[in-house]
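These notes are about the structure you will find just below.
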């Protein structure tokens, strides 16, 4: 497939999609961003309550005690009610191995206590557990509703099912994650469906007594045979990171060719690099990490072309000990620090208002990139080596000016407390830089009267010294 010809046929602008993975580019989709956990989970709960046939989810981290918004009870309660109505509810949950055992405290990994909880309160759910390649994570966070219907809906992003994802009186500041989902409806949902079937049927623990739960935990799923009807004007491509050897079934998505998934897939990496290289005016990114040499090098090249770049990272990052870090990671952080020499590069963090009026850092957990107000990617894939080379990850890349611009306006309204509807992307990023710098000056003076939440971080010392 010739990428440039394909993009031209789809009426795209300057940012190409990729042709190196399982899923083709699909036209005719509707895409809606859901910013932060409370609105995102409220919308997901509404979709679950309206589901007629099926609710399927891929889950990395879930606290059994995590409550959905508006008094709906725990996430498992919401799902059990759907199952009680006769909806086919299935969960694919990550099971950490010994190398990642420290993550079990936050994962619904199939412990004896988890099975006891299911037996007592959630008997109608169907679950399979799936390990990642040793040392990595099954990091996809997706929801798929009524997969076989024309009205199928999906949610793709990175929000975990734990209290840090919601803003409440008990969980603010350091306990508040900023995060994003996108709701995708239309033909591209067939590829979210295909991904789920491939993973469910190939789940590593499916043959173990403690690797499945529910009356349908033994069932194999059928692959989709058609795409849902068109629902909008957005072009979408579903993209993944899959480690080699994780799955073996080459069954193709509707209208596409078989892909050798046993060799692995790195379309997330390919797409991030392609988008950065194609950028003409602006790149706005929010990520939990920015420490992959290939990505940083591409950003450096974009800056030399005059592209305006704003990178939003956690204001209180994990500090690196150079004595214990791998040389390749140290080299990547040094290259990232050198981006600070460009006037058109801004590194930012977020800080919200605590109950006493003071500023406390907000943890940026989102994984998104916007380019030239025309192309975006949202999903679970971080800009670190685990996500780009080994974890199981799922992103939705999409292109359509109105949708991408609307997402930028919504994000900047939250981060800057300012409506950027009437300005283009270049001026919007310049305004972002001015407000973030002014907020930094106020922060240094211990003045919490900021405009919005964004403030400038020191790119030269980020990850090596405290920023807040």
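Read-outs: derived from the displayed coordinates by stated rules, not from any lab. Bear in mind the structure is a predicted one, so any value in this text is a computation, not a measurement. Note that we place each Cβ from the backbone using ideal geometry, even for glycine, and neighbour counts take in every protein chain shown.
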Out of all DSSP beta bridges with both ends in segment 310-400, state the antiparallel percent to the nearest 5. 80
Length-normalised contact order of segment 1-148 in % [C-alpha pairs under 8 Å, at least 6 apart]: 27
Under the definition of Cα pairs under 8 Å and six or more residues apart, what whole-number percent is the relative contact order of segment 22-237? 32
Which of rounded, prolate, oblate describes segment 22-237, given a ≥ b ≥ c as roots of the alpha-carbon gyration tensor eigenvalues and a/c under 1.5 marking rounded, otherwise prolate only if a/b is larger than b/c? rounded
How much length would be gained if the chain were fully extended between residue 250 and residue 113, taking 0.36 nm per residue of separation minus their Cα-Cα distance, in nm to one decimal? 45.7 nm
Taking a label point 7 Å from the Cα of residue 434 along the Cα→Cβ vector, which residues of segment 299-343 have an amide N closer than 19 Å to it? 308-311, 343
Quick one: length gained pulling residue 426 to residue 410 fully straight, 0.36 nm per residue minus the C-alpha distance? 4.2 nm
Per the C-alpha gyration tensor (a ≥ b ≥ c, the square roots of its eigenvalues), segment 359-457 is rounded if a/c is under 1.5, else prolate if a/b beats b/c, else oblate; here it's oblate
Prolate/oblate/rounded call for segment 20-77, Cα gyration tensor, a/c under 1.5 rounded: prolate
Obtain the radius of gyration and the Kirkwood radius of segment 70-131 from its C-alpha atoms and give Rg over Rh. 1.01
Under the definition of Cα pairs under 8 Å and six or more residues apart, what whole-number percent is the relative contact order of segment 125-280? 23
Mean projection of the alpha-carbon convex hull of segment 269-456 over all orientations, in nm²? 11.1
Spin-label point model (7 Å from Cα, Cβ direction): what's the residue 42 to residue 343 distance in nm? 4.3
Between the modelled labels at residue 209 and residue 320 (7 Å from Cα along Cα→Cβ) the distance in nm is 4.7
How much of the pair distance distribution for the chain lies past 29 Å, counting alpha-carbon pairs only, in percent? 46
Run through the DSSP bridge list for the chain and note the antiparallel percent, rounded to the nearest 5. 70
Label residue 356 and residue 223 with points 7 Å out from Cα along Cα→Cβ: what is the distance between them in nm? 5.9
